[in-house]
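Encoded as structure tokens, the structure appears first; notes follow it.
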Amino acid sequence: MIAWQEEGVLLSVRKHGESSAIVEAFTRSHGRHAGVVRGGGGRRMAPLLQPGGQLSFSWRARLEDHLGAFTIEPVRSRSAHFADPLALAGLSAVTSLLAFALPEREPHPGLYTRSVALLDMLGDEDVWPLAYLVFEMALLEELGFGLDLSRCTLSGDRENLAFVSPRTGRAVSREAAGDWADRLLPLPPCLLGQGPATAGELLDGLRLTGHFLDTRLAPALGDRPIPGARTRLVERMRRRF
Amino acid sequence: MSDAATDIDDLIALMARLPGLGPRSARRAVLHLVKKRSILMKPLAEQMGRVAATARECTLCGNISGTELCAICASEARANGELCVVEDVSDLWAMERSGIFKGRYHVLGGTLSALDAVGPDELRIPRLVARLAPEGVREVILALGATVDGQTTAHYIAEQIEPHGIELTSLAQGVPIGGELDYLDDGTITAALNARRAF
């Protein structure tokens with residue numbers, strides 16, 4: 001019998017048969033991991049089985065490659081965010097992007113830490129939108145599509161980086177961009193750690209990460225479209241800010 | 001094996017596909033039907049045939065009915081300016097069982113779901129917005145589940161309805177009848193505390 005126990009974030013729940021559910025968890029040591037929750041399709045467990053919830057997962061299976069079964073215990077609920085449309089859109093975007101993009105059973109401890117921190121700060125509207133943008137950058141990085149914002153790809157300059165090439169994902173300085181600037185993606189200063197993010201910078205940043213999610217990540221995952229929850233979050237941010 | 005036995009097996013297999021029934025309980029139900037052939041099985045078969053021929057979605061609210069407009073939408077008494085938005089027909093029936101709501105309903109046919117790729121276009125949200133002015137709706141009551149998908153849908157609908165200047169309310173969330181605090185999850189306790197009122 002193989003077994004482990006670890007705290008994690010619930011990513012998704014799908015009914016399985018009459019009374020069970022197949023859930024996907026994201027944990028520090030086991031990454032995105034699926035398992036059956038007996039009774040998970042019933043009303044008693046419904047409050048626990050909400051995406052974004054922090055739970056303690058105990059997984060058991062006879063063999064390592066079996067789907068296995070989870071038993072779960074609550075750690076903390078994030079249902080307080082249900083009343084805030086922007087925070088709820090953020091919660092849905094984080095969980096659905098992780099469920100969409102992460103390979104199964106591959107640990108991503110850095111991304112896990114960042115995801116939990118982001119989910120915990122969803123109530124604070126002054127900080128979480130930037131943290132969400134940084135989360136998307138980290139997701140691209142973890143999956144091998146990271147952007148190189150360290151220097152200008154044309155001149156090698158480290159100053160005045162203002163654009164990103166939509167083809168290579170590398171930074172371009174304002175001077176080197178010249179007449180090509182309108183064909184490049186704006187690089188918001190907040191992604192270079194320069195001051196707090198303005199609303200315009202956040203939206204530029206999301207346009208930047210959205211481009212690489214659409215053109216790099218999605219094709220690598222079988223050309224499935226990026227989850228609609230992410231699109232709805234960006235639309236909601238655009239209206240709010 | 002005789003034809004009759006095959007037919008019975010086919011019936012058991014069909015019954016076992018119903019929610020709440022497995023092969024064993026389906027077998028028990030079929031055996032009961034066969035034993036009560038004249039008083040239960042034949043009327044049931046006839047009634048199922050009639051419902052299969054006539055049941056349809058109400059063109060206005062999405063309720064299941066035998067006519068183009070369901071009894072609730074056809075009743076002038078229910079046109080009191082209150083419109084209750086529910087996820088599914090079973091939710092509408094649950095509300096009707098309580099007997100407390102005297103307005104009309106709108107069945108969405110699901111909720112927005114990132115996992116199942118259900119977007120606004122797959123739901124009956126445009127039809128909801130189209131009903132507001134012609135029916136003189138004063139208040140829209142969002143009676144959707146307290147789940148991530150349910151509340152995401154509620155916020156989306158609120159955004160669609162806001163420009164129409166109609167009052168928007170939602171069902172309260174908190175301690176259920178017979179509920180004890182010790183057994184409630186912390187999300188429910190938070191919602192209940194936030195929605196506290198003068199006693």
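The values are calculated or read from the model by the stated rules, or taken from the named source; none is laboratory data. The structure presented is a predicted model; accordingly, all values stated were derived computationally and were not measured. FYI the Cβ positions are ideal-geometry reconstructions off the backbone, even for glycines, and counts take in every protein chain you see.
Here the stretch B:1-22 is the region considered, the condition is being over 26 Å from the mean Cα position of the chain (by Cα) and surrounded by 12 or more Cβ atoms within 10 Å (Cβ to Cβ), and the residue that is farthest from residue A:42 (Cα to Cα) is B:8.
Within the stretch B:90-112, the residues that satisfy the criterion of being surrounded by fewer than 19 Cβ atoms within 10 Å (Cβ to Cβ) and in a helix (DSSP H, G or I) are B:90, B:91, B:93, B:94, B:95, B:96, B:97, B:98.
Conditions tested, residue by residue: (1) farther than 23 Å from residue A:89 by Cα; (2) touching a Ser or Thr at 6+ places or on another chain (Cβ under 8 Å).
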{"position": "A:154", "(1), (2)": "yes, yes"}
{"position": "A:165", "(1), (2)": "yes, yes"}
{"position": "A:168", "(1), (2)": "yes, yes"}
{"position": "A:194", "(1), (2)": "yes, no"}
{"position": "A:206", "(1), (2)": "no, no"}
{"position": "A:216", "(1), (2)": "yes, no"}
{"position": "A:224", "(1), (2)": "no, no"}
{"position": "A:234", "(1), (2)": "no, no"}
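Helices (runs of 4 or more DSSP H) fully within the stretch A:169-241 that include at least 1 residues being touching a residue at least 60 places away in the same chain (Cβ under 8 Å), within 14 Å of another protein chain (Cβ to nearest Cβ) and surrounded by 13 or more Cβ atoms within 10 Å (Cβ to Cβ): A:228-240. Among the residues making up the stretch B:122-177, a single one is of a type in the set (Asp, Glu) and surrounded by 20 or more Cβ atoms within 10 Å (Cβ to Cβ): B:149. Of the residues that make up the stretch B:186-197, is at least one within 18 Å of residue B:91 (Cβ to Cβ) and either at pLDDT below 85 or more than 10 Å from every other protein chain (Cβ to nearest Cβ) (or both)? No.
For the stretch B:61-88, residues that are aliphatic (A, V, I, L, M) and either surrounded by fewer than 19 Cβ atoms within 10 Å (Cβ to Cβ) or more than 15 Å from the chain's Cα centre (by Cα) (or both) total 6. Can you tell me which residue within the stretch A:45-69, out of those that are hydrophobic (A, V, I, L, M, F, W, C) and within 14 Å of chain B (Cβ to nearest Cβ), is surrounded by the fewest Cβ atoms within 10 Å (Cβ to Cβ)? Among residues in the stretch A:45-69 that are hydrophobic (A, V, I, L, M, F, W, C) and within 14 Å of chain B (Cβ to nearest Cβ), the one surrounded by the fewest Cβ atoms within 10 Å (Cβ to Cβ) is A:46. Looking only at the stretch A:16-44, which residues are of a type in the set (D, E, K, R) and away from every other protein chain (no Cβ under 11 Å)? Across the stretch A:16-44, the qualifying residues are A:28, A:32, A:38. Of the candidates A:111, A:133, the single residue that is buried (at least 18 other Cβ atoms within 10 Å of the Cβ), farther than 21 Å from residue A:35 by Cβ and more than 14 Å from chain B (Cβ to nearest Cβ) is A:133.
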